[in-house]
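Undergrad: Sharing a structure below in structure tokens format, with a few things to ask.
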């Protein structure tokens, strides 16, 4: 465990836990919620001569909840026989530290079903949400339930066809959740007690995790609701900053947006594709758009002025593409396995994990993708994005197999 966590994070980014360690990955899409870890010193780059080897494997139950890693612990959740389990493993060995189980329908509608929400770790606490809206705050060391809520019973939340999928996020002393109630689409709870501090909005929930950004020098958050992308101020009076209608079949808005210089990138499947919108306009205006480049639920990266994503979905396979955020110009595109995939960045390097179970290491070399190696890590279908900490990759498939790969430089 010592080689996992040696240095304390010097600067916690906006929205991230203030107690994260050097290369922790404590929430959905990493310490800053953007899929990027700044330092790649721990990552081995010679994958073609030496593929990452499996350190441990576990069966965690059906679902597409990714891993969160902090303080030497790796957490995820899954469903088996209509029972969810939140798992806490020793990150280095895979040994079980604790688990918490509760009754929860599998809800296998058009796919394997199971848990969708990635746990959020903040200091000595873990926050987790089930598809039916059971919210738990647990002790990170023991798994003891410190408090719990129910989205439907306690907040009059309105569940979508595939249940709740957005991970809760931390903002200072608040836990932000999206029950999607008529009197509270966005709700702020005291993260220590679960007591409601404020609520705003009235829209039904989508499936994407809230994204923080700065608006006119103030903290704000973008929520991808069922029928619109909406920006909310996080300071009183917590007014709506913008509303951009965006409808898909089945109300599936599930991919996180990106903010840059008064504009937002958003994308969905079902023929909607992507758009970059200017939110300084009233109403927001589309700057550029392409319906063929779809992100059904997979993640994308914004690195500088480049959006990098593995587009595809609904059997319409597409490429790994780097696109200019401001203009929509394609910098490069390359064929990768699978129908869709998730991308994270570790320093200057990209790690792509496709739904076919392939994990690919490469680099954005300006006008091309430079592949540095790949491994077919998992059979089955894999929708959860990869998680990375101190040279180790944490992956899982929808059927419930989870693995840890050693990709460390040491």
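Undergrad: On the basis of being assigned to a loop (DSSP other than H, G, I, E, B) and touching a helix residue (DSSP H, G or I) at 6+ places or on another chain (Cβ under 8 Å), does residue 192 make the cut?
TA: no
Undergrad: Going residue by residue through the range 326-334, is there one that turns out to be assigned to a loop (DSSP other than H, G, I, E, B), without any contact (Cβ under 8 Å) to a residue 24 or more places away in the chain, more than 20 Å from the chain's Cα centre (by Cα) and more than 20 Å from residue 255 (Cβ to Cβ)?
TA: yes
Undergrad: A further question follows. Can you name the number of the only condition in (1) buried (at least 21 other Cβ atoms within 10 Å of the Cβ); (2) within 19 Å of the chain's Cα centre (by Cα); (3) within 23 Å of residue 42 (Cα to Cα) that residue 382 fails?
TA: So the condition that residue 382 fails would be (3).
Undergrad: Next up: Only one of these is under 21 Å from residue 283 (Cα atoms), touching a residue at least 12 places away in the same chain (Cβ under 8 Å) and either touching a helix residue (DSSP H, G or I) at 6+ places or on another chain (Cβ under 6 Å) or buried (at least 17 other Cβ atoms within 10 Å of the Cβ) (or both): 155, 224, 136. Name it.
TA: Of 155, 224, 136, the one residue that is under 21 Å from residue 283 (Cα atoms), touching a residue at least 12 places away in the same chain (Cβ under 8 Å) and either touching a helix residue (DSSP H, G or I) at 6+ places or on another chain (Cβ under 6 Å) or buried (at least 17 other Cβ atoms within 10 Å of the Cβ) (or both) is 224.
Undergrad: Assess whether residue 147 counts as being part of a loop (DSSP other than H, G, I, E, B) and either surrounded by fewer than 22 Cβ atoms within 10 Å (Cβ to Cβ) or in contact with a strand residue (DSSP E or B) (Cβ under 9 Å, 6 or more places away or on another chain) (or both).
TA: It is false that residue 147 is part of a loop (DSSP other than H, G, I, E, B) and either surrounded by fewer than 22 Cβ atoms within 10 Å (Cβ to Cβ) or in contact with a strand residue (DSSP E or B) (Cβ under 9 Å, 6 or more places away or on another chain) (or both).
Undergrad: Continuing with this model, one more query. Which numbered condition in (1) buried (at least 19 other Cβ atoms within 10 Å of the Cβ); (2) within 18 Å of residue 48 (Cα to Cα); (3) touching a residue at least 60 places away in the same chain (Cβ under 8 Å) is the only one that residue 349 fails?
TA: (1)
Undergrad: Next up: Kindly provide the set of residues from the range 157-177 that are in a loop (DSSP other than H, G, I, E, B) and under 15 Å from the mean Cα position of the chain (by Cα), ordered by number. Break it down stepwise before answering.
TA: Here is the first cut: in the range 157-177, the ones in a loop (DSSP other than H, G, I, E, B) are 157-168, 172-173.
Across the range 157-177, the qualifying residues are 164, 165, 166, 167, 168.
Undergrad: Does residue 23 fit the bill of being farther than 22 Å from residue 396 by Cβ, at pLDDT below 95 and over 16 Å from the mean Cα position of the chain (by Cα)?
TA: In short, no.
Undergrad: If we scan the range 43-65, do we find a residue that is touching a strand residue (DSSP E or B) at 6+ places or on another chain (Cβ under 7 Å), under 19 Å from residue 137 (Cβ atoms) and either modelled with pLDDT of 95 or more or surrounded by fewer than 18 Cβ atoms within 10 Å (Cβ to Cβ) (or both)?
TA: First pass over the range 43-65, keeping only residues touching a strand residue (DSSP E or B) at 6+ places or on another chain (Cβ under 7 Å): 43-45, 47-48, 51-63, 65.
Now drop any that are not under 19 Å from residue 137 (Cβ atoms), which leaves 65.
Narrowing the set further to residues that are either modelled with pLDDT of 95 or more or surrounded by fewer than 18 Cβ atoms within 10 Å (Cβ to Cβ) (or both) leaves 65.
Checked against the condition, which is being touching a strand residue (DSSP E or B) at 6+ places or on another chain (Cβ under 7 Å), under 19 Å from residue 137 (Cβ atoms) and either modelled with pLDDT of 95 or more or surrounded by fewer than 18 Cβ atoms within 10 Å (Cβ to Cβ) (or both), the range 43-65 yields at least one hit.
Undergrad: Next question. Considering only the range 112-133, how many residues are touching a helix residue (DSSP H, G or I) at 6+ places or on another chain (Cβ under 8 Å) and in a loop (DSSP other than H, G, I, E, B)?
TA: The first filter runs over the range 112-133 and keeps only residues touching a helix residue (DSSP H, G or I) at 6+ places or on another chain (Cβ under 8 Å), leaving 129, 132-133.
Still in the running and in a loop (DSSP other than H, G, I, E, B): 132-133.
Number satisfying all stated conditions: 2.
Undergrad: Something else: Applying the selection to the range 93-111, what residues are part of a loop (DSSP other than H, G, I, E, B) and in contact with a strand residue (DSSP E or B) (Cβ under 7 Å, 6 or more places away or on another chain)?
TA: Of everything in the range 93-111, those that are part of a loop (DSSP other than H, G, I, E, B) and in contact with a strand residue (DSSP E or B) (Cβ under 7 Å, 6 or more places away or on another chain) turn out to be 93, 94, 95, 104, 106.
Undergrad: Let me ask something additional. Please tell me if residue 373 is surrounded by fewer than 24 Cβ atoms within 10 Å (Cβ to Cβ) and without any contact (Cβ under 8 Å) to a residue 40 or more places away in the chain.
TA: No, not satisfied.
Undergrad: Something else now. Only one of these is under 20 Å from residue 34 (Cβ atoms), under 21 Å from the mean Cα position of the chain (by Cα) and crowded, with 20+ Cβ neighbours inside 10 Å: 210, 205. Name it.
TA: Working: 205 fails: under 20 Å from residue 34 (Cβ atoms).
210 is the lone residue from the list that is under 20 Å from residue 34 (Cβ atoms), under 21 Å from the mean Cα position of the chain (by Cα) and crowded, with 20+ Cβ neighbours inside 10 Å.
Undergrad: Taking the criterion of being over 26 Å from residue 27 (Cβ atoms), surrounded by fewer than 16 Cβ atoms within 10 Å (Cβ to Cβ), touching a strand residue (DSSP E or B) at 6+ places or on another chain (Cβ under 6 Å) and at pLDDT 95 or above, would at least one residue in the range 232-247 satisfy it?
TA: So far as the range 232-247 goes, yes, one or more of its residues are over 26 Å from residue 27 (Cβ atoms), surrounded by fewer than 16 Cβ atoms within 10 Å (Cβ to Cβ), touching a strand residue (DSSP E or B) at 6+ places or on another chain (Cβ under 6 Å) and at pLDDT 95 or above.
Undergrad: With respect to residue 160, is the statement that it is in contact (Cβ under 8 Å) with a residue 40 or more places away in the chain, more than 24 Å from residue 87 (Cα to Cα), buried (at least 23 other Cβ atoms within 10 Å of the Cβ) and in contact with a helix residue (DSSP H, G or I) (Cβ under 9 Å, 6 or more places away or on another chain) true? Full working, then the answer.
TA: Details: in contact (Cβ under 8 Å) with a residue 40 or more places away in the chain: yes; more than 24 Å from residue 87 (Cα to Cα): yes; buried (at least 23 other Cβ atoms within 10 Å of the Cβ): no; in contact with a helix residue (DSSP H, G or I) (Cβ under 9 Å, 6 or more places away or on another chain): yes.
No.
Undergrad: Please identify the pairs in which a residue from the range 208-220 that is over 25 Å from residue 342 (Cα atoms) has its Cβ atom under 8 Å from the Cβ atom of a residue that is at pLDDT below 95, counting only partners at least 6 apart or on another chain.
TA: Sorted first by the residue in the range 208-220, then by its partner, the pairs are 214/14; 218/235; 219/14; 219/235.
Undergrad: Could I ask something else about it? Could you please let me know if residue 251 is out of contact with any strand residue (DSSP E or B) (no Cβ under 7 Å at 6 or more places or on another chain), surrounded by 18 or more Cβ atoms within 10 Å (Cβ to Cβ) and under 20 Å from residue 385 (Cβ atoms)?
TA: no
Undergrad: Scan (1) surrounded by fewer than 22 Cβ atoms within 10 Å (Cβ to Cβ); (2) without any contact (Cβ under 8 Å) to a residue 40 or more places away in the chain; (3) farther than 25 Å from residue 109 by Cβ for the single condition residue 273 breaks and write down its number.
TA: Against the list (1) surrounded by fewer than 22 Cβ atoms within 10 Å (Cβ to Cβ); (2) without any contact (Cβ under 8 Å) to a residue 40 or more places away in the chain; (3) farther than 25 Å from residue 109 by Cβ, residue 273 comes up short only on (3).
Undergrad: Moving to a separate point now. Would it be correct to say that residue 182 is surrounded by 16 or more Cβ atoms within 10 Å (Cβ to Cβ) and within 24 Å of residue 252 (Cβ to Cβ)?
TA: For residue 182, the condition - surrounded by 16 or more Cβ atoms within 10 Å (Cβ to Cβ) and within 24 Å of residue 252 (Cβ to Cβ) - is not met.
The values are calculated or read from the model by the stated rules, or taken from the named source; none is laboratory data. Just so it is clear, the model here is predicted, and its values are computed rather than measured. No Cβ is skipped: glycine too gets one built from the backbone with ideal geometry, and neighbour counts run over all protein chains shown.
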